[in-house]
Amino acid sequence: MIDWISAVIEFPHDLYIHGGGIVFVDKDGQHSEPLPRFASVEGSYDSRCQVRSDSSTKDGQRIYISCSPKFIQGHNLFGTDNPNLLTAAAAKKALESLGFPVLDQEVENWKQGRGVTYTRIDATQMLDTGSEQDAATWLESASLTANLKHRGRGENRYGTLYFGKHSRRW
């Protein structure tokens, strides 16, 4: 199941989507160009979706979107393993909440993965180990033997296996 998704999506639009900006001031008092913040769209059960225009192109052709399936369905206990369907549903709901009309053809393209570039997908998997003791044994074994590139060995804490928990890189 997908737990979180972030993507850049093709979506032509005239009004720049953002939630304000951040300006940095250096030691000499010089101000930087404003960095756009994400617009936060309220979803189900206090879940939010973050959306903003892609500022790298300045042509209003793409947006960034970042959210959990909870934004659409109110929970993340079960759901789709298809990131395209999730992205299409989340983008449609978020954009329409911001007052942008979304064409059926755009949604169809996103469902097919056209015009979508993923920057993050968090996925989860449920395993039936047969008993709580077997689950604890599996987690301990995985923490000692599994190794992920750039994240290293796992850390087993209170029944949860973390990879890269304290990493500043991820």
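Some notes on this structure:
- In region 18-36, the residues that are in a strand (DSSP E or B) and exposed (fewer than 10 other Cβ atoms within 10 Å of the Cβ) form Cβ pairs under 9 Å with partners that are modelled with pLDDT under 80 and basic (Lys, Arg), at six or more places apart or across chains, as follows: 22/37.
- Some residue of region 59-67 being open to solvent by 50 Å² or more (accessible area, probe 1.4 Å) and modelled with pLDDT under 70: yes
- Taking the criterion of being at pLDDT below 90, part of a strand (DSSP E or B) and not β-branched (Val, Ile, Thr), the residues of region 92-130 that qualify are 120, 122, 123.
- Matching residues, region 83-101, being without any contact (Cβ under 8 Å) to a residue 60 or more places away in the chain and either of a type outside the set (A, V, I, L, M) or over 27 Å from residue 125 (Cβ atoms) (or both): 84, 92, 93, 96, 97, 99, 101
The values are calculated or read from the model by the stated rules, or taken from the named source; none is laboratory data. Because the structure is a prediction, the values reported are computed rather than measured. Reconstructed Cβ throughout: ideal geometry from the backbone, glycine too, with neighbour counts over all protein chains shown. Remember, those area values only see protein heavy atoms, side chains included, never the ligands or the DNA or RNA. Shrake-Rupley method; radii C 1.70, N 1.55, O 1.52, S 1.80 Å.
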